[in-house]
Amino acid sequence: MYQLADTYNLIVQIHPKKGQVADVERLLQKYPKVIFLAHLMKYDRTEISKLMEKYPNLYYSLDAEISYIFGYQTIQNNKGPTKEEYLTSLKNNFDKQLQEVLAFWKPMIEAHPNQFTWGSDRWFTWHYDQEVGDLLIEFSRSFIGQLDPAVQEKFAY
């Protein structure tokens, strides 16, 4: 698969599991022309910036990870909050949660503005509800609006 991606200039999306940073690094080394779009490296996220410094072919999609849409950063196992629980939690903790995720992600995004992108990952049926979608858009715009203006469009485009 990676050889085909290399030959045809394809993007490969990866969703590494906990402890697979070394595996990701081997792929980045072996296929330097392949763009790898990583997503949800929740347990190894402190390694993302380090890998980006060494490998310009690593990109990262940041989305549901910052709005806790899958259950307040808990292990999913196909379970999570209800729509009402999620809406209440995000509304009641909007500013606190925004500041927490900005403190972690903003320095990385601004250090590697060409390697991060905003996504819109959703899973449960209620994730597609209009009220949830509107709140996610509000949170997303609030997050993006706090980034350096020179980085905002790169990240959000």
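Here are the numbers:
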{"quantity": "Listed values (1) 22.8, 78; (2) 16.2, 51; (3) 16.2, 49, entry calculated as Rg and Dmax of the Cα atoms in Å", "calculated": "(3)"}
{"quantity": "For the range 91-107, Karplus couplings with θ = phi - 60° (6.51, -1.76, 1.60), whole Hz, Gly/Pro x", "calculated": "4, 6, 10, 3, 5, 4, 5, 4, 5, 4, 6, 5, 4, 7, 7, 4, x"}
{"quantity": "Computed helical MRE - 222 nm, the chain, DSSP H runs ≥ 4 contributing -39500 (n - 2.57), nearest 500", "calculated": "-15500 deg cm²/dmol"}
{"quantity": "Estimated vicinal HN-Hα couplings, Hz - the range 26-37 in sequence order (Karplus 6.51, -1.76, 1.60; Gly, Pro = x)", "calculated": "4, 5, 4, 5, 6, 10, x, 8, 7, 8, 9, 9"}
{"quantity": "Principal-axis tilt of helix 130-145 within the chain, Cα atoms, nearest 10 degrees", "calculated": "60"}
{"quantity": "Percent RCO, i.e. relative contact order, over the range 99-157, from Cα pairs under 8 Å lying at least 6 residues apart", "calculated": "51"}
{"quantity": "The chain - charge dipole about Cα centre, Lys and Arg +1 at Cβ, Asp and Glu -1, debye rounded to 20", "calculated": "500"}
{"quantity": "Per residue solvent-accessible surface (Å²) - the range 74-157, probe of 1.4 Å", "calculated": "60"}
{"quantity": "Sequence-distant residues sharing a close amide H with F116 (under 5 Å, placed H)", "calculated": "Y60"}
{"quantity": "Relative contact order, percent, the chain [alpha-carbon distance under 8 Å, six or more residues apart]", "calculated": "20"}
{"quantity": "Pairwise label distance in nanometres, L87 with W123, each label 7 Å out on the Cα-Cβ vector", "calculated": "2.2"}
{"quantity": "I144 paired with K96, simple spin-label distance in nm, labels 7 Å along Cα-to-beta-carbon", "calculated": "2.7"}
{"quantity": "Heavy-atom accessible surface of the chain: percent carbon and sulfur, 1.4 Å", "calculated": "52"}
{"quantity": "Loop trypsin sites (Lys or Arg not before Pro), the range 1-43, which have at most 13 other Cβ atoms in a 10 Å radius of their Cβ (DSSP)", "calculated": "K17, K18, K33"}
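The values are calculated or read from the model by the stated rules, or taken from the named source; none is laboratory data. Note that the structure is a prediction, hence the values are computed from the model and not measured. Heads up, the Cβs are rebuilt from the backbone with ideal geometry, glycines too, and the neighbour counts pull from every protein chain shown. Quick note on the areas: whole protein, heavy atoms, side chains included, nothing else; ligands and nucleic acids left out. Shrake-Rupley method; radii C 1.70, N 1.55, O 1.52, S 1.80 Å.
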